[in-house]
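No lab work stands behind these numbers, since they all come straight from the coordinates. Remember, predicted model here, so these are calculated numbers, not experimental data. Note that each Cβ is placed from the backbone with ideal geometry, even for glycine, and that neighbours are counted across all protein chains shown.
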Amino acid sequence: MQEPTAPLRQDGQSRQIASAADLTVAADGVLGRLREKAPRVHCITNSVAQNFTANVLLALGAIPSMTLSPVEIGSFVKRSDALLVNLGTFGTERREATSIAVNAAVQGDLPWVLDPVFVDRAPPRASYARDLLFLHPTAMRLNAQEFAALAETETSEEAVAAFAREHRVTVGLSGAKDLIADGSRAVTLANGDPLMAKVTAMGCAASAMVGACLAVERDALIATSSALLIAGVAGEIAAETAQGPGSFAVGILDALHSIDGAALAARARITWNG
């Protein structure tokens with residue numbers, strides 16, 4: 001594992017990042033703290049994604065919880081280190097649970113992630129996601145189509161930066177290249193493999209990974225970039241031995257379990273626009 005080139009604060013979190021190399025080192029630090037602290041991430045996620053998301057978090061070193069019961073979700077969130085709100089398969093129970101969970105996160109000053117799944121396909125869902133933005137999620141992970149529907153504008157780096165500034169949120173835009181922006185800084189990641197698009201819930205799990213990284217890293221741009229970099233590199237490692245989507249889904253869990261700073265340093269393809 002490479003020696004750190006970016007100094008750390010006494011709490012172990014990253015100081016100012018000034019280059020792609022600094023960000024790679026910071027991601028290694030985030031990964032190490034995640035495994036050391038094993039943060040709890042409460043996930044409101046769609047029914048298709050629950051099992052895979054839980055396994056991804058466990059492989060990474062975090063502890064998932066998934067309850068949707070309005071009676072108990074507030075207590076679960078208060079005892080967690082981060083919250084994921086994913087709007088997939090979004091019915092009455094999930095909406096009620098989301099309101100309780102987000103209020104608990106806000107009151108407890110916990111980081112939370114918004115994943116506005118399929119807001120491009122359902123205008124009422126897009127409207128609800130815009131309402132949630134007023135509660136200031138720490139980060140948001142979505143794709144270009146979802147962003148265009150939510151922001152009501154064409155997707156571009158400039159539009160993403162403007163949206164991040166307006167809503168005071170770090171945006172992780174997933175695609176062939178991932179764009180992470182907080183309104184003043186931007187990062188482009190070119191890691192990953194096409195097989196990642198062939199496995200259900202890969203994006204949902206990546207959003208949960210953002211939550212796990214936010215639990216150990218207060219800088220949301222570093223946390224979001226770290227999560228998506230780790231996911232992309234793990235995808236590349238898994239694809240090297242996969243025979244298809246089925247073996248890939250198993251392989252990425254193994255890759256997340258064993259990934260280290262040396263793998264990140266060797267494979268990271270980062271453009272830093274800080």
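What is the order of V102, V250, V71, V25, fewest Cβ neighbours within 10 Å to most?
The order, fewest Cβ neighbours first, is V71, V250, V102, V25.
Identify the GluC sites (Glu not before Pro) of region 212-274 meeting these criteria: DSSP loop state and at most 13 other C-beta atoms within 10 Å of the C-beta.
E240
Give me the percent of DSSP beta bridges within region 20-272 that run antiparallel, rounded to the nearest 5. Please list the in-between numbers first.
On the way: 10 of 28 bridges.
In region 20-272, approximately 35 percent of DSSP beta bridges are antiparallel ones.
Helix 220-239 sits at what angle to the longest principal axis of the chain, using alpha carbons and giving 0 to 90 degrees rounded to 10?
Roughly 70 degrees between the two axes.
What is the set of long-range amide H partners of A186 at a cut-off below 5 Å, with H atoms built 1.01 Å from backbone N?
Counting only residues 5 or more places away or on other chains, the set is N273, G274.
In which sequence would I259, I230 go, from the one with the fewest C-beta neighbours within 10 Å to the one with the most?
I259, I230
Could you check the spin-label model distance between D109 and K198? Points 7 Å from the Cα along Cα→Cβ, value in nm.
Spacing of the two 7 Å Cα→Cβ label points: 4.7 nm.
From the phi angles alone, apply the Karplus equation (6.51, -1.76, 1.60; θ = phi - 60°) to region 249-266 and give each ³J(HN,Hα) in whole Hz, x where the residue is Gly or Pro.
My calculation for region 249-266 gives 4, 6, x, 6, 5, 5, 5, 5, 5, 10, 4, 9, x, 5, 5, 4, 5, 6 Hz in order.
How far apart, in nanometres, would the label points at R79 and R168 be if each is projected 7 angstrom from Cα along the Cα-to-Cβ direction?
If labels sit at R79 and R168, their model points lie 3.1 nm apart.
Which is farthest toward the positive dipole end of region 136-274 among N191, L256, A159, measuring Cα position about the Cα centre, with Cβ charges +1 (Lys, Arg) and -1 (Asp, Glu)?
About the Cα centre, the residue reaching furthest to the positive side is L256.
What is the local net charge at G175, summed over the other residues whose Cβ is closer than 13 Å to its Cβ (Lys, Arg +1; Asp, Glu -1)?
-1
What is the angle, in °, between the Cα long axis of helix 123-133 and the longest principal axis of the Cα atoms in the chain? Nearest 10 is fine, range 0 to 90.
70
Test of the criteria: in region 136-195, which GluC sites (Glu not before Pro) are in a DSSP loop and have at most 12 other Cβ atoms within 10 angstrom of their Cβ?
Of the GluC sites (Glu not before Pro), the ones in loops of region 136-195 whose Cβ has at most 12 other Cβ atoms within 10 Å are E152, E154.
Please give the charge dipole size of region 73-113, origin at the Cα centre, charges +1 on K and R Cβ atoms and -1 on D and E Cβ atoms. Round to the nearest 20 debye.
Here region 73-113 has a charge dipole of around 60 debye.
Long-range amide H contacts for L84: which residues qualify at under 5 Å (H placed 1.01 Å from N, peptide plane, sequence gap of 5 or more or a different chain)?
Amide H neighbours of L84, under 5 Å, 5+ apart: H42, C43, I44, V113.
Taking other Cβ within 10 Å of each residue's Cβ, how do H42, H136, H167 sort, fewest first?
Working: H42 28, H136 13, H167 19.
Least crowded to most crowded, the residues run H136, H167, H42.
Using the alpha-carbon atoms, what tilt in degrees (0 to 90, nearest 10) does helix 50-60 show relative to the longest principal axis of the chain?
30
Please give, to one decimal in nm, the separation of the simple spin-label points placed at L58 and T271, each 7 Å out from Cα toward the Cβ.
3.9
Report the net charge of residues surrounding P137, where surrounding means a beta-carbon distance below 11 angstrom and charges are Lys +1, Arg +1, Asp -1, Glu -1. Please list the in-between numbers first.
Values: positive: R141, R168; negative: D115.
Local charge sum for P137: +1.
Specify the inter-centroid distance of region 107-142 and region 254-270, based on alpha-carbon positions, in whole Å.
29
Let me spell out the model: positive unit charges on the Cβ of Lys and Arg, negative unit charges on the Cβ of Asp and Glu, origin at the Cα centre of region 140-274. What dipole size does that give, in debye rounded to 20?
It comes to approximately 120 debye.
Provide the FRET efficiency to the nearest 0.05 for the K37-E96 pair, computing r from the beta carbons and using R0 = 41 Å.
0.85
Might you report the magnitude of the Cβ-based charge dipole of region 20-272 about its Cα centre, with Lys and Arg at +1 and Asp and Glu at -1, to the nearest 20 debye? Don't jump to the answer; show the numbers that get you there.
On the way: 20 positive and 26 negative charges, 79 e Å.
My answer is approximately 380 debye.
Sort the following peptides by mean Cβ neighbour count (other Cβ atoms within 10 Å, averaged over residues), highest first: 61-70, 91-100.
Taking the mean over residues of other Cβ atoms within 10 Å, the ranking is 61-70, 91-100.
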